[in-house]
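The values are calculated or read from the model by the stated rules, or taken from the named source; none is laboratory data. In this text, all values refer to a predicted model and were calculated from it rather than measured experimentally. Neighbour counts run over all protein chains shown; Cβ positions are idealised from the backbone, glycine included.
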Amino acid sequence: METTKTLGRETEIYNDYVKDWKDKGGKVVGYACVATPVELIEAAGLLPYRIKALGNSDTELADGEMSLFNCSFCRACLQLGLDGTYDFLDGLVETNGCDHLRAMFENWQHQKNLDCFYYLKVPHFLRDDSLAYFEEQLEQLKELLEEKFSTRVSDEALEEAIRGWETVREKWRELSALRELEEPKVTGSEALALEVKGSSMRSEDFSRMLSQFMEERKNAAGIRPAARLMLCGPATDEVEWFEEIERLGAVVVADALCFGSRAFATAMVSEGDPLHRLAESYLSSIFCPRMYLEYARRRDLLMETARRARVDGAIYLYNKFCDLHGVDSVLVRRDLEEAGIPVLVLEKEYSAKADIGRVKTRVQAFMERIGGGA
Amino acid sequence: MDKGFVMREGENGFERAIAILEMIYKLPDNLSEEDVEAAKNFVFPELQHTVIGLLELPADRELELFFFRLLLGILKEAQNAQAEGKKLVFIPFTFPPEIFYAFDNIFPLCTEIVGGLITNICYGQGERFWDFAMGLGLPDSLCSANTIGTMPFFMGPGLRADAIVYNSAGSCNPNAKIHAFASDYLGIPQFILEKPVDESARGRELYFEYLKRFVQELEEWSGSEMREERLREVMEKSYQAVELYNEFWELKKARPCPVPNIFSMTLLVLRSQCWGRQEAVDVMQKMVDMSKERLRTGEYTADEELARVYITYIYWLFDFAGYFTWMEKEGITILGDILAIHYFPEMDFSSKESMLRGMADIAFDYPMTRQMGGESISMRWLDDVAWAAQDLGADACIFGGVHACKHTLGTAAYFRREMMKRAGLPTLMLTGDVFDKRHTPMEMFQEEVKTFVDQVVAKKKAPRKRKKVQAGGGAE
């Protein structure tokens, strides 16, 4: 099966979908972290756009602001913010996901000084007091969007957006089931490509795209993978990496990536008004190493995913200088290996083509170790 | 050369450092030049640098001997805390220790102080502990200060903490993450006080609520309530030291600066491990008295004060002689770093609640927590350091960047530009490490600083020659 054949990989930051939205007078609000409730942006009649770099390896301008000790993905995104690629954004939502991300947003805002800029302060643990605070944060974001875009976010609109994104999550689970089959009908690179594309769409269009894709694949022949892998790590939109790994005969049947399944991990609670539900659902579903007290939850989710997808091994892939994932990877490797799941930890630079050969060699060796070598 | 101080495999670095430090009890109170020379020759090279850094300059000698003896006493208390029925907790250097001294049965040990001790006292510095961390698979982008500070407790027998606390979630990933990791690895509980990146009244109020919950959790865990009377005693001690800190700050404004460079390190250790205790008051008092005396006599180590620099981030602490003493001999005064800027609110000692509220403000505005956990890292950092540098009359700034500190490294370019615009102060940008000399050797640091002072600072201070304007408008 040719990966991403029917899908087509996203290559443009300012893609046709967004252009069309803007041509019709629509406004676009950028965000970077999955802790941002996109429902709120959508309910304001706006297009939520997840900041990505699509493999951009030119970081000349960003390197003038951030250091080489900063995450190359954040620098790649900042570059596109500074060079004007992201000038179509009408607003930006910062989150305190990690030190690199905070620095990226600060530099972006220093240089671009966007009129609609909101710093969504996401607590690092879930408790009654932190939840109340996060809900206030969402209320402030709502008010800002209403003011800046002369709109009103009604409870009805929020409910509709919540339903819309719930449908997306439901579709993602269906897609994941196709990946997890004995003979997968969807590859990891295809799933990532779908997420990359969908993360700059409104929910109804994202759902439609997922449905169409799955419809095409439902009756297709499955793949017999040389190895069933799970990929873990931070945000990466590099479909190419998945493709390179899968070209070795493996299939990434599951993932715990920030562009990937972690973006769909939000479990909506049903009690309370919509803003409260959003606050509680999001704050309780951040499976990111930034949630310091919640390693056990992250580990359990990984174990459950690995078992459900019957993986032969897991690859923990993160960008150099990412301390959050760098430290978590040590614990994940220890715990997964104790449970009989071999783990390969790989550190790389974002979009560094020179890294691919090195990584392929290590993945090949890993596949030999887990019995999936050619 | 093995002079009897070599660490053995698996040895607990903290215990080893204390054992070596005990030598200072054997030193006479009034050390002569010959005594210092003898002490220097008795020890291995790393410790030689420490001996020189602390004892070579007559102005430093008396104070540092006094201080290290008191510090050793506190560290030995930490060592014996569990035997005396107390819980030992690891704390980071971004946390006010006085809050733990306010408990009858909790004793704090600052991990970065442990790292600093090992680096400056043990053979091979902290390298074996850093390498051990790398062997565990931890990323090399972590902070050496807290990695070297925690790893000794992973290796071999010896002291173990009962819990780990940290408050850097939201302000520093490497710091928070290594403490969380240590909790998991050592199988001991972790207590977290999150700093909201929100400087509004709501953010401060939330932090106060978090602090109260934090205290409550510690009370439940330790099985004893924080007594109001004990808290008051500790806070009163703390504020005696605060008075002296304010006086100390004012003394640094004089030209030439009467405060020896090494006192900056002393203040850092005092604040991180000793605040809230009599030892901090005694050492601060001595630092103030000695600086006053130097001010009175006009004493300054070099012939001339060539440059007054503000370290915009943190000192490099792996070679006291190469850093503090060398700059002092060169006529380069260190006015402070980010860790020297403290904000102490007016304290209301009337109740436990009021003191905890004051404590929440202290912790909220604690160095690094305040800036790196600020709503804007760059703006809060710039505001604070620009104020400090200008208040103390700095001529220039040095950014001793640390590879682990992604927050500052990510905004340092903006900081440097704005510092020049706002305060007219040039900043030398350097990257290295606090505790690991392998990143940037001290010789390289010295070369860069010397060139900077000669080429930039001296020229900036020299009166500008007016160009003669010739008839016709051209300059001569």
**OP:** Within region A:362-370, identify whether any single residue is surrounded by fewer than 19 Cβ atoms within 10 Å (Cβ to Cβ) and either within 13 Å of A:L317 (Cα to Cα) or within 12 Å of another protein chain (Cβ to nearest Cβ) (or both), and answer yes or no.
**Re:** yes
**OP:** Please specify each residue of region B:29-73 satisfying the condition of being more than 20 Å from the chain's Cα centre (by Cα) and over 24 Å from B:D289 (Cβ atoms).
**Re:** B:E34, B:E37, B:A38, B:A39, B:K40, B:N41, B:F42, B:V43, B:F44, B:P45, B:Q48
**OP:** Would you check which residues across region B:364-402 are at positive phi and away from chain A (no Cβ under 13 Å) and list them?
**Re:** B:G393
Original post:
If you check B:D395, B:D384, B:D319, which single one turns out to be of a type in the set (D, E, K, R), within 30 Å of A:F321 (Cβ to Cβ) and buried (at least 23 other Cβ atoms within 10 Å of the Cβ)?
Top reply: B:D319
**OP:** Exactly one condition in (1) modelled with pLDDT of 95 or more; (2) aliphatic (A, V, I, L, M); (3) within 19 Å of the chain's Cα centre (by Cα); (4) surrounded by fewer than 24 Cβ atoms within 10 Å (Cβ to Cβ) is not met by A:A254; state its number.
**Re:** (4)
Original post:
If you check A:E106 against the conditions, is it closer than 26 Å to A:E139 by Cα and in a strand (DSSP E or B)?
Top reply: no
Original post:
Restricting attention to region B:105-163, which residues are within 14 Å of chain A (Cβ to nearest Cβ), part of a loop (DSSP other than H, G, I, E, B) and either touching a residue at least 24 places away in the same chain (Cβ under 8 Å) or within 18 Å of B:E11 (Cα to Cα) (or both)?
Top reply: B:L136, B:L138, B:S141, B:L142, B:C143, B:F154
Subject >> Search result, residues across region B:62-85 that are among the acidic types (D, E) and crowded, with 18+ Cβ neighbours inside 10 Å >> reply: B:E64
**OP:** Go through the residues of region B:170-187 one by one and say whether even a single one is more than 10 Å from every other protein chain (Cβ to nearest Cβ), on the phi > 0 side of the Ramachandran plot and surrounded by fewer than 24 Cβ atoms within 10 Å (Cβ to Cβ).
**Re:** yes
**OP:** Just need a number here: residues in region B:190-223 that are surrounded by 15 or more Cβ atoms within 10 Å (Cβ to Cβ), assigned to a loop (DSSP other than H, G, I, E, B) and more than 9 Å from chain A (Cβ to nearest Cβ).
**Re:** 3
Original post:
In this structure, does B:R271 turn out to be assigned to a helix (DSSP H, G or I) and either acidic (D, E) or without any contact (Cβ under 8 Å) to a residue 40 or more places away in the chain (or both)?
Top reply: no
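Which one of these is under 23 Å from B:N120 (Cα atoms), surrounded by fewer than 20 Cβ atoms within 10 Å (Cβ to Cβ), touching a helix residue (DSSP H, G or I) at 6+ places or on another chain (Cβ under 9 Å) and at pLDDT 95 or above: B:E279, B:E375, B:E353, B:E330?
B:E330
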Subject >> Breaking point among (1) touching a Gly at 6+ places or on another chain (Cβ under 7 Å); (2) within 14 Å of chain A (Cβ to nearest Cβ); (3) surrounded by fewer than 24 Cβ atoms within 10 Å (Cβ to Cβ), for B:Y414 >> reply: (1)
Original post:
If you scan region A:317-345, which residues turn out to be within 12 Å of chain B (Cβ to nearest Cβ) and either part of a strand (DSSP E or B) or surrounded by fewer than 18 Cβ atoms within 10 Å (Cβ to Cβ) (or both)?
Top reply: A:Y318, A:N319, A:R334, A:E337, A:V343, A:L344, A:V345
Original post:
Which numbered condition trips up B:N30, out of (1) part of a helix (DSSP H, G or I); (2) over 28 Å from B:M368 (Cα atoms); (3) not acidic (D, E)?
Top reply: (1)
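Residue by residue, here is whether (1) touching a Leu at 6+ places or on another chain (Cβ under 7 Å); (2) aliphatic (A, V, I, L, M); (3) surrounded by fewer than 24 Cβ atoms within 10 Å (Cβ to Cβ) holds:
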position: B:K87; (1), (2), (3): no, no, yes
position: B:A102; (1), (2), (3): yes, yes, no
position: B:N105; (1), (2), (3): no, no, yes
position: B:P108; (1), (2), (3): no, no, no
position: B:G115; (1), (2), (3): no, no, no
position: B:R128; (1), (2), (3): no, no, yes
Original post:
How many of the residues making up region A:305-316 are in contact (Cβ under 8 Å) with a residue 12 or more places away in the chain, over 18 Å from the mean Cα position of the chain (by Cα) and either at the interface with another protein chain (Cβ under 10 Å from one of its Cβ atoms) or part of a helix (DSSP H, G or I) (or both)?
Top reply: 2
Original post:
So, of the residues in region A:84-107 that are in contact with a Leu (Cβ under 6 Å, 6 or more places away or on another chain) and more than 8 Å from chain B (Cβ to nearest Cβ), which turns out to be surrounded by the most Cβ atoms within 10 Å (Cβ to Cβ)?
Top reply: A:V93
Subject >> All helices (runs of 4 or more DSSP H) inside region B:384-476 with 3 or more residues being within 29 Å of B:R255 (Cβ to Cβ) and at pLDDT 95 or above >> reply: B:412-423, B:442-452
Subject >> Members of region A:120-157 found to be under 16 Å from A:L92 (Cβ atoms), in a loop (DSSP other than H, G, I, E, B) and more than 10 Å from every other protein chain (Cβ to nearest Cβ), listed by number >> reply: A:F149
Subject >> All helices (runs of 4 or more DSSP H) inside region A:1-79 with 1 or more residues being within 14 Å of chain B (Cβ to nearest Cβ) and either over 21 Å from the mean Cα position of the chain (by Cα) or at pLDDT 95 or above (or both) >> reply: A:60-63
